[in-house]
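Peer 1: Here it is, the structure in full.
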Amino acid sequence: MRGFALVLGAGLALPLPAMAEDVVIRIEAKRGADAAATAAQDWAGQFPDVVTFPLSDGWTGIALGPMPREQASVRLDELRAQNRVPGDSFLAPAEGRVLNAVPGGNPDAATAATPEQSAATPASASTFPAAAEPAPDAAEPATADLAGEDAPDTAPAPEMPESAAPDMPAAPEAPEAPAQFFIRIESSADRAAAEDMLAKRREILPDVGLWTLPNGRFVVALGPTDQVTGEAWLRAFKDAQAVPRDAFVTPAADLGQNEIIGKVPELGAAPGETAMPLVMPPLEDVQRALRWAGHYDGAIDGKDGPMTQAAIADEIVRLRASPDPASAMGELIRRRDAWRTQIGLTELRDPHTGLALPAPMQKLQFDRTERALSIYGPKDGSGAALILFSQPGGQQEMLDMAGLVTALGWVPAPVRQVRQGSVILDGRNQTHVGHAEGRVVDGRAQGFVLIWPLQDMQESRRIASEISDNLSRFAPGAMDPAPAETAPDTPATPLAN
């Protein structure tokens with residue numbers, strides 16, 4: 001059970017009950033007891049909940065609180081907007097500190113406290129528990145007649161002989177809390193440089209915070225966690241180049257003073273030493289899942305190349321399900337399968353083009369065919385469309401089709417990626433996003449165009465990757481020189497995950 005102590009008056013320390021993520025709003029620091037006392041009294045004239053706490057090298061921190069983190073964040077924003085606290089004020093953890101209440105807090109000072117706080121705690125009262133009232137004089141009977149009436153007769157409890165007293169088992173000792181560790185990422189002697197480091201690391205690891213070591217250096221670190229989990233994730237972060245190679249795991253006690261609070265990271269547990277090693281899923285399935293997640297642009301070839309390894313490492317950091325590659329990739333595949341079911345992907349077998357592919361048929365309905373094209377429009381106002389194309393030809397026919405797609409506005413203002421045997425177009429406007437792919441396969445120019453509402457760009461990317469990875473031919477198309485007989489339109493059938 002975590003808590004902190006408040007020092008009142010002449011040094012009486014009262015333990016407070018545990019609260020979830022209690023913090024203080026740190027507004028100033030002064031060196032020297034007299035300077036700190038004067039500054040704290042000035043702040044107490046404005047706020048009723050001013051506290052001080054010792055820092056290193058004779059410095060004293062001055063803050064407001066403590067209070068829950070969510071409440072403190074809102075209050076700090078309001079106070080900054082009103083220019084009532086310095087612009088560099090920040091949140092610092094209350095846990096583990098001795099907070100000294102500053103007497104003389106102004107109960108009439110307007111604060112940015114929430115209505116709930118004001119209703120629960122009058123401004124004139126301390127926000128901390130008061131000292132306990134002294135117990136009644138032991139010499140007075142507990143049933144003293146305070147109202148002038150006779151006290152009821154009460155028979156004294158019989159005394160138990162010492163020899164008859166039962167042996168009472170000693171209270172079990174509370175188990176020690178497990179030691180906490182942090183991943184120490186990098187450090188600097190300069191505060192501004194350290195804050196730049198913090199901002200950069202938060203782009204990949206948004207939970208990191210900033211500490212001041214006893215020697216005055218500033219440290220960017222991630223935690224807390226247990227040592228085994230920390231060591232496992234440190235290796236994973238290094239593999240993904242998310243932290244420097246010299247980063248290491250350190251006990252929380254070695255970090256010193258927390259300057260900019262981070263978040264407790266949600267890190268999947270490392271596999272136990274006695275656990276059976278998990279088998280990596282087939283690499284083709286891993287590559288498809290990585291493409292679906294947006295971390296892989298290579299070929300779906302089942303080869304364990306550098307692009308695949310880099311994508312796996314990046315996805316482990318993003319997913320945070322497990323530092324073990326096999327466990328993490330298994331979880332990613334499960335998430336992709338669940339999404340495929342949720343979005344309603346079904347196998348579309350289009351007889352006009354002879355192409356088979358997974359498609360979100362809950363959003364689409366057949367519209368018409370035009371020469372080499374098969375067009376599926378929006379269903380129930382979904383705003384989605386799918387165009388399939390297939391005709392005999394090579395590179396030129398494929399590029400001609402790409403020009404038609406651009407001219408018709410299916411992919412607005414496209415960015416083109418043209419290679420021998422393939423072309424990719426990506427573009428968007430105020431209403432929709434378009435993606436087109438063309439390929440030359442066995443003497444045919446074939447491919448697809450996906451049109452999707454702009455507000456669902458992630459869905460569009462995922463669906464396009466599913467189509468691209470699974471587009472195949474099941475029959476000749478209508479534009480073949482000698483088309484074979486084809487069955488009538490085949491309804492879409494559910495895909496196996």
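The values are calculated or read from the model by the stated rules, or taken from the named source; none is laboratory data. Owing to the predicted nature of the structure, the values given are computational and were not obtained by experimental measurement. Cβ coordinates were reconstructed from backbone atoms using ideal geometry, including for glycine residues, and neighbour counts include every protein chain displayed.
For (1) of a type outside the set (D, E, K, R); (2) farther than 27 Å from Leu198 by Cβ, each residue gets a yes or a no:
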{"position": "Glu231", "(1), (2)": "no, no"}
{"position": "Phe237", "(1), (2)": "yes, no"}
{"position": "Thr250", "(1), (2)": "yes, no"}
{"position": "Pro265", "(1), (2)": "yes, no"}
{"position": "Leu290", "(1), (2)": "yes, yes"}
{"position": "Gly294", "(1), (2)": "yes, no"}
{"position": "Thr308", "(1), (2)": "yes, yes"}
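Peer 1: Write out, first by first residue and then by second, each pair whose Cβ atoms fall under 6 Å of each other, whose residues are 6+ apart or on separate chains, and whose first residue, in the stretch 314-331, is within 11 Å of Trp233 (Cα to Cα) and of a type in the set (S, T, N, Q) while the second is surrounded by 19 or more Cβ atoms within 10 Å (Cβ to Cβ) and at pLDDT below 95.
Peer 2: Within 6 Å, the pairs are Ser322/Gly268; Ser322/Ala328.
Peer 1: Right, another one. With the condition kept exactly as written, say whether any residue in the stretch 377-391 is surrounded by fewer than 17 Cβ atoms within 10 Å (Cβ to Cβ), over 39 Å from the mean Cα position of the chain (by Cα) and either modelled with pLDDT under 95 or outside the structural domain of Arg444 (by TED's automatic domain parsing) (or both).
Peer 2: No, the conditions are met nowhere in the stretch 377-391.
Peer 1: Okay, next question. Among the residues of the stretch 242-269, which ones are among the aliphatic types (A, V, I, L, M) and either buried (at least 18 other Cβ atoms within 10 Å of the Cβ) or within 21 Å of Ile27 (Cα to Cα) (or both)? Spell out how you get there, then give the answer.
Peer 2: Let us first name the residues in the stretch 242-269 that are among the aliphatic types (A, V, I, L, M), namely 242-243, 247, 249, 252-253, 255, 260-261, 264, 267, 269.
Within the stretch 242-269, Ala242, Val243, Ala247, Val249, Leu255, Ile260, Ile261, Leu267 qualify.
Peer 1: Then there's this: Would you confirm whether any residue within the stretch 346-360 is under 22 Å from Arg461 (Cβ atoms) and in a loop (DSSP other than H, G, I, E, B)?
Peer 2: Checking the stretch 346-360: not a single residue is under 22 Å from Arg461 (Cβ atoms) and in a loop (DSSP other than H, G, I, E, B).
Peer 1: All but one of (1) part of a helix (DSSP H, G or I); (2) of a type in the set (Val, Ile, Thr); (3) touching a strand residue (DSSP E or B) at 6+ places or on another chain (Cβ under 7 Å) hold for Ile312, so report the exception by its number.
Peer 2: (3)
Peer 1: If we scan the stretch 391-401, do we find a residue that is closer than 23 Å to Phe474 by Cα, touching a Gly at 6+ places or on another chain (Cβ under 7 Å) and acidic (Asp, Glu)?
Peer 2: no
Peer 1: Which of the numbered conditions does Gln395 fail, given that it passes all the others? Conditions: (1) surrounded by 16 or more Cβ atoms within 10 Å (Cβ to Cβ); (2) of a type in the set (S, T, N, Q); (3) under 32 Å from the mean Cα position of the chain (by Cα).
Peer 2: The number of the failed condition is (3).
Peer 1: Here is a further query. When you check Ser327 against the structure, is it in the same structural domain as Asp456 (by TED's automatic domain parsing) and either modelled with pLDDT of 90 or more or surrounded by fewer than 16 Cβ atoms within 10 Å (Cβ to Cβ) (or both), yes or no? Give the derivation first.
Peer 2: Working: in the same structural domain as Asp456 (by TED's automatic domain parsing): no; either modelled with pLDDT of 90 or more or surrounded by fewer than 16 Cβ atoms within 10 Å (Cβ to Cβ) (or both): yes.
Considered against the rule, which asks whether it is in the same structural domain as Asp456 (by TED's automatic domain parsing) and either modelled with pLDDT of 90 or more or surrounded by fewer than 16 Cβ atoms within 10 Å (Cβ to Cβ) (or both), Ser327 comes out as no.
Peer 1: Looking at Gly377, Gly383, Gly330, Gly409, which one is assigned to a strand (DSSP E or B) and of a type outside the set (A, V, I, L, M, F, W, C)?
Peer 2: Values: Gly383 fails: assigned to a strand (DSSP E or B); Gly330 fails: assigned to a strand (DSSP E or B); Gly409 fails: assigned to a strand (DSSP E or B).
It is Gly377.
Peer 1: Also: Do any residues in the stretch 19-42 that are over 30 Å from Val264 (Cβ atoms) have Cβ atoms under 9 Å from those of residues that are part of a helix (DSSP H, G or I) and modelled with pLDDT under 85, where the two are at least six apart or on different chains, and which pairs are they?
Peer 2: Taking only residues 6 or more apart or on different chains, the pairs are Arg31/Asp57; Arg31/Gly58; Gly32/Gly58; Ala33/Gly58.
Peer 1: Within the stretch 443-455, can one find any residue that is of a type in the set (D, E, K, R), part of a helix (DSSP H, G or I) and under 20 Å from Ser374 (Cβ atoms)?
Peer 2: Step one: filter the stretch 443-455 for residues of a type in the set (D, E, K, R), giving 444.
The next check asks that each one be part of a helix (DSSP H, G or I); those that pass are none.
Scanning the stretch 443-455, I find no residue that is of a type in the set (D, E, K, R), part of a helix (DSSP H, G or I) and under 20 Å from Ser374 (Cβ atoms), so the answer is no.
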